[in-house]
Amino acid sequence: MRNFFLMLILGILLATASCNNKNKALIPETALGWKLGAGTYTFNRFTFFEAIDKIDSCGLKYAEIFPEHIIGGGINGTMDYNMNADTRNAVLKKINDKGITIIAYGVVTPKSDSAWRKLFEFGKLMGIQTFTSEPDEKDMPLISRLCDEYKINVAIHNHPYPKHYWNPDTILAAIKGQSMHIGACADIGHWIRSGLNPVECLKKLEGHILHIHMKDLEYREGKDDGEEDRDVHWGAGIADVNGIIKELKRQNFKGMISAEYERNWKNNVPDVIESVKYFRKALR
């Protein structure tokens, strides 16, 4: 009987190990220290609670919060960092129940010293690791001190030209001499929209990349309709996704890669799923 129980326990341990190995094979980015997730902004036509469900249905367990997202679930208000404790606890329960980990929050740019501190207090209570932001350069010393105090990153995001941080050179100049917790949020699609090569931009920012906004865009020859280049499944557009992966590996990047798909807004879960499949296949 004793041998039977020993064999049973051994069988369970082997089955568990096999299951864990299978799960690791399904998520190859884990071995690299990459946290592949999605921004809730991708699902902004739905409530935040619905967006969390959608991220889970994409096979992802990490999220970046869009601050203006309507919460839902019978809770009033948005995911603004000024939310009260009851709202914050309800949000945390939803996230924890779904098994989602919130890594980042943004794009968010407070306008006063007290607001910046309130943001960092919110981040501490929510377990946030990185704020994506486009701060005024005059606020950098304050932000640097808060980053060191709270041990939370601020990753400067690049909206397209003519926004202030569209070029990596501007980001590098802004963060020079500041906390090691201040770096770049590399938005691949927006670099393409600015006429920049994402791989070359990543190379320029080596050692300072804290967070990635991953997109791929279509190429439309002779585009003159005033519209932005539109999102497509990763690997189907003009972003060199394989080159981006190779460069991030070379730099030994560690952080979150936030999937964004800003098209087909009311039914883009299948688009995110296909992009994730391509990304994980490319990693292998």
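Quick notes on this structure:
- Enumerated helices (runs of 4 or more DSSP H) restricted to region 100-179, each holding at least 3 residues that are among the small types (Gly, Ala, Ser), in contact with a strand residue (DSSP E or B) (Cβ under 9 Å, 6 or more places away or on another chain) and under 26 Å from Glu200 (Cα atoms): none
For every residue, the table says whether it meets (1) over 15 Å from Leu36 (Cβ atoms); (2) surrounded by 15 or more Cβ atoms within 10 Å (Cβ to Cβ).
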| position | (1), (2) |
| --- | --- |
| Gly237 | yes, yes |
| Gly243 | yes, no |
| Leu248 | no, yes |
| Met256 | no, yes |
| Glu260 | no, yes |
| Val269 | yes, yes |
| Ser275 | no, yes |
| Leu283 | no, yes |
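- Residue check, Ile182 surrounded by 15 or more Cβ atoms within 10 Å (Cβ to Cβ), of a type in the set (Val, Ile, Thr), touching a helix residue (DSSP H, G or I) at 6+ places or on another chain (Cβ under 9 Å) and touching a residue at least 40 places away in the same chain (Cβ under 8 Å): yes
- Gly73 vs. criteria closer than 24 Å to Phe43 by Cβ, surrounded by fewer than 21 Cβ atoms within 10 Å (Cβ to Cβ) and either at pLDDT below 95 or touching a Lys or Arg at 6+ places or on another chain (Cβ under 7 Å) (or both): yes
- Residues in region 243-252 include none that are out of contact with any helix residue (DSSP H, G or I) (no Cβ under 9 Å at 6 or more places or on another chain) and touching a residue at least 40 places away in the same chain (Cβ under 8 Å).
- Test: residue in region 30-48 that is part of a helix (DSSP H, G or I), touching a strand residue (DSSP E or B) at 6+ places or on another chain (Cβ under 6 Å) and surrounded by 17 or more Cβ atoms within 10 Å (Cβ to Cβ): yes
- Residues that are surrounded by fewer than 19 Cβ atoms within 10 Å (Cβ to Cβ) and farther than 16 Å from Leu125 by Cβ, drawn from region 79-101: Asp97, Lys98, Gly99
- When Ser144, Ser114 are screened for being loosely packed, with under 15 Cβ neighbours inside 10 Å and out of contact with any Cys (no Cβ under 9 Å at 6 or more places or on another chain), only Ser114 passes.
- Checked against (1) of a type in the set (A, V, I, L, M, F, W, C); (2) over 22 Å from Tyr105 (Cβ atoms); (3) in contact (Cβ under 8 Å) with a residue 24 or more places away in the chain, Leu146 passes all but condition (2).
- Residues that are not in a loop (DSSP other than H, G, I, E, B) and not aliphatic (A, V, I, L, M) within region 49-73 comprise Phe49, Glu50, Asp53, Lys54, Asp56, Ser57, Tyr62, Glu64, Gly72, listed in sequence order.
- All positions within region 180-208 that are among the small types (Gly, Ala, Ser), closer than 20 Å to Arg230 by Cα and in contact with a strand residue (DSSP E or B) (Cβ under 6 Å, 6 or more places away or on another chain): Ala186, Gly189
- Any chance Ala173 is closer than 24 Å to Ala259 by Cα and not hydroxyl-bearing (Ser, Thr, Tyr): no
The values are calculated or read from the model by the stated rules, or taken from the named source; none is laboratory data. Every value quoted in this text rests on a predicted model; they were computed, and no experiment measured them. Virtual Cβ from ideal backbone geometry, glycine too; neighbours counted across all protein chains shown.
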